[in-house]
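The values are calculated or read from the model by the stated rules, or taken from the named source; none is laboratory data. Here the structure is a predicted model, which means the values were calculated and not measured. Every residue, glycine among them, receives a Cβ derived from its backbone with ideal geometry; neighbour counts consider all protein chains shown. Areas reflect the complete protein model, heavy atoms only, side chains present, ligands, DNA and RNA absent. Shrake-Rupley method; radii C 1.70, N 1.55, O 1.52, S 1.80 Å.
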Amino acid sequence: MFQSKERFKQAFLEKLQTLRGVTLEGASDSDKYIALSNLVREYISKNWAATNNTYLERGEKQIYYFSIEFLLGRLLHSNLLNIDQNHVVRDALQELDIDLARLEEKEPDAGLGNGGLGRLAACFLDSMASLNLPGHGCGIRYKYGLFEQKIVNGYQVELPDNWLQDGNVWEYRKPEKSVEVRFGGYVREAVAEGVRLFIHEGYEAIRAVPYDMPVVGYQNKTVNTLRLWSAEAAPQDFDFSSFNRGEYLKAIEYKYSVEAISEILYPDDSYQEGQKLRLKQQYFFVSAGIQSIVRRYKRKNGSVYDFEDKIAIHINDTHPALAVPELMRILMDDEGLGWDEAWRITSNTISYTNHTVLPEALEKWPVEMFKELLPRIYMIVHEINERFCRELWDKYPGDWDRIARMAIVANGYVHMAHLAIVGSDHVNGVAHIHTEILKKQVMRNFYELSPHKFSNKTNGITHRRWLLKANPLLAKLITDTIGASWITFPGDLVRLEHYAGDAAWRDNVRKVKLANKNRLAQYIKRKYDITINPASIFDVHVKRIHAYKRQLLNVFHIMDLYNRLRVNPDLDVMPRTFIFGGKSAPGYFMAKRTIKLINTLAEMVNQDQSIGDKLKVVFMENYGVSLAEMIIPAADISEQISTASKEASGTGNMKFMMNGAITLGTLDGANIEIRNAVGAENFISFGLTAEQVLSYYAHGGYNAWDVYNSDERIQVIMDQLVNLFFPVAKEEFRTFYDTLLHSNDEFFVLQDFASYVEAQNRVSKLYQNEEAWGRMAAANIAHSGQFSSDKTIMEYAIGIWNVKPVVVK
Ligand code: 26Y
């Protein structure tokens, strides 16, 4: 691109002038960020056009990944890396006395997701492009991303994330590719030339406008497309000039009610409330996306014949499950196909990933709401259900219970997971144990009916963002040691295993970790004025706050440690810094109180001179992709302590591992596969197994009071929650006492406490043995390649989508 630094500098200065009307002297950091990112954008756009042309000409199968969330984070740096211009640009800017990292910080995070599911979608896009796969994203261009979290007096306060306010250089508005999405109205049946027609009338038409974002492959010429849809009032419904005064105001109101559809990302990631606007969002982007796919397909092929051989549609959880009836609708009502043919195409095109077994997160919509909002779609869902139930009846005659359990429409609700399974040819879980739980428990009846549909695809993360970008020092050390092939073939990281026994190499890894810890310590000092010791163990627990993720268990260990230290300040413990981060759903009372508890404990511990600097606790505000990129490379301990069976996979666990942290984890989700990969000796596990947990749920036998009565440490901790030990209102933390003791501790916090403390003691011992720790860290890095999303995506491509790479020349 910029063959030399000189060329780049010239182009950059010119851009400053033409785009921002400034010279270097007068330019702000924002000016410089915008000039630079526009240069990158222009460069990318050439390959983007070439990619699209290649796809059109070659006519190979395309994959469309539908997701209501894409948690991309910042793009400038990763785009620079992927187009291989990082060094030239960095060095050239340096010669102009500009710090690239500072400009990068001017970019707002694209925070269009809640957590794991949204970030997975972003990693998958990166991997598809990097593997030359013709794979595209389809989602919503939320005006407001996930709320910004502020901590005020220890409590979470939510502020709007107005990420688009200064524009987004990475998006291309494509008004000419807009489509219409219809809500409400009624369906009239008619017969024309002997054919039954369903005519949708009296509906409200919304204009869906696509904004395309380039998805740049790593050092290839592939640039795929992430198409995000924005809702606008259809022009004919919003014509100011023709309105008199009263209607003018109505028109404005109408405009806002339409735009509300793509206004905001729902901030809940585990509890579904049947909000009408959310159902609207789902149909909005699914309908727009499928219409645009069909339109493009027909432009090239003339008809929908062969559709399933050329198109794969993947739905990320059930949020886009309306893809099933929407594709049916288009094939039947617009393309004139009969039911059977439409069904064959639809069910062979769509595949579905499940991401959770929490019953409260499984989507279901009240029939009445569904019908009113989507009358034609409801008819189709109803028909799918009728046919499916008939099939069940033939197979299990008389087994009403089973049929009721499996029905798509039952008890006044549309069950989206059932719709997704029935309408897909492939259904997958996201880690080995998760898939087994789906098959044996949550989706057991469906598995019995169609075992061939089910498979596992263990999650992955893009090593380009989570190692190459987030941890440049470690990336350089790795490349200096084994060469650069790991960037393209992450499995090559395993060659590092050989160096685990090399004391000098381990020392280099240790120095990298220390440098990353120093950087984080400085940030914490600057931002919170808390001094932490870079030589202490950085024990990190960052993820959404949720009872099943058990931040509370971590807190109880800290309280216990603190209690021990208060009795005996000379206690010989390895100094620790506990770092927390994560957002709570705004309406999730327990999660919000957990944040307050962490902050209260932090304040108490950090101020207590008597314990020296043996113990520090920090809650990092507004955890998100960019913060993760700074925190994870600095971690010694990766807390992955969910109640076994509850965490579908986890992906943070993989990021930590790749950056040389040791997992302290339960045998849950992908932790199990991480442990298998690194060896049990390089993983610190504790707690109940999923089998034990599930057996307790099924047969009872757990009594939290028994644990309380038999463990003095727990008595002290539980009592401290309610006896004014903390300088807060007396009832502030009562809720924890009540749910753990009076409601019998659904997530086995008390049950796992002893085992967790014991594991933490092992951590302290191991950390003091520099060689042992260094070997463990090395093993983790060396075996992390198998958790690259490149591997995961290859498995989807071969096992589910049946798509092949298309190399762009
Ligand atoms: C229906 C609505 C309330 C809802 C919205 C978002 C329900 C769920 C979600 C998001 C779920 C999610 O992020 N699940 C996580 O997916 C990751 C990627 O597969 C897993 O690694 C992680 O274990 C799982 O909790």
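Numbers at a glance
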| read-out | value |
| --- | --- |
| Residue in segment 188-204 that is within 30 Å of L56 (Cα to Cα) and in contact with a strand residue (DSSP E or B) (Cβ under 6 Å, 6 or more places away or on another chain) present | no |
| Single condition L667 does not satisfy, out of (1) in contact with a Ser or Thr (Cβ under 7 Å, 6 or more places away or on another chain); (2) open to solvent by less than 10 Å² (accessible area, probe 1.4 Å); (3) within 16 Å of the ligand (Cβ to nearest atom) | (2) |
| Residue selected from segment 82-121 under the condition under 30 Å from K310 (Cα atoms) and open to solvent by less than 10 Å² (accessible area, probe 1.4 Å), by the criterion farthest from the ligand (Cβ to nearest atom) | N82 |
| Meets criteria (touching a Phe, Trp or Tyr at 6+ places or on another chain (Cβ under 9 Å), open to solvent by 10 Å² or more (accessible area, probe 1.4 Å), closer than 15 Å to G115 by Cα and assigned to a loop (DSSP other than H, G, I, E, B)) for E647 | yes |
| Given (1) more than 16 Å from the ligand (Cβ to nearest atom); (2) of a type in the set (G, A, S); (3) without any contact (Cβ under 8 Å) to a residue 40 or more places away in the chain, number of the condition A677 does not satisfy | (3) |
| Residue match in segment 444-453 (condition: within 16 Å of the ligand (Cβ to nearest atom) and over 21 Å from A129 (Cβ atoms)) | no |
| Helices (runs of 4 or more DSSP H) (entirely within segment 241-321) containing at least 2 residues that are open to solvent by 60 Å² or more (accessible area, probe 1.4 Å) and in contact (Cβ under 8 Å) with a residue 40 or more places away in the chain | 276-301, 307-310 |
| Condition met for K583 (within 16 Å of the ligand (Cβ to nearest atom), part of a loop (DSSP other than H, G, I, E, B) and not hydroxyl-bearing (S, T, Y)) | yes |
| Contacts under 6 angstrom Cβ, first residue in segment 68-86 being more than 25 Å from H319 (Cα to Cα), partner away from the ligand (no atom under 16 Å from the Cβ) and among the hydroxyl-bearing types (S, T, Y), 6 or more apart | L76/S37; N82/Y218 |
| Complete set of residues in segment 686-704 that are of a type outside the set (A, V, I, L, M) and in a loop (DSSP other than H, G, I, E, B) | F686, G687, T689, G700, G701, Y702, N703 |
| Any helices (runs of 4 or more DSSP H) falling wholly within segment 1-93 and containing at least 3 residues that are over 24 Å from I487 (Cα atoms) and either touching a Phe, Trp or Tyr at 6+ places or on another chain (Cβ under 8 Å) or modelled with pLDDT of 95 or more (or both) | 5-20, 29-58 |
| Residue match in segment 132-152 (condition: among the basic types (K, R), surrounded by fewer than 19 Cβ atoms within 10 Å (Cβ to Cβ) and in contact with a helix residue (DSSP H, G or I) (Cβ under 7 Å, 6 or more places away or on another chain)) | no |
| The lone exception for T531 - which of (1) surrounded by 15 or more Cβ atoms within 10 Å (Cβ to Cβ); (2) farther than 18 Å from R775 by Cα; (3) in contact (Cβ under 8 Å) with a residue 24 or more places away in the chain it fails | (1) |
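Rundown of residues vs (1) assigned to a helix (DSSP H, G or I); (2) within 16 Å of the ligand (Cβ to nearest atom); (3) buried (at least 19 other Cβ atoms within 10 Å of the Cβ), yes/no style:
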{"site": "L331", "(1), (2), (3)": "yes, no, yes"}
{"site": "G336", "(1), (2), (3)": "no, no, no"}
{"site": "R344", "(1), (2), (3)": "yes, no, no"}
{"site": "W365", "(1), (2), (3)": "no, yes, yes"}
{"site": "C389", "(1), (2), (3)": "yes, no, no"}
{"site": "A417", "(1), (2), (3)": "yes, yes, yes"}
{"site": "A420", "(1), (2), (3)": "yes, yes, yes"}
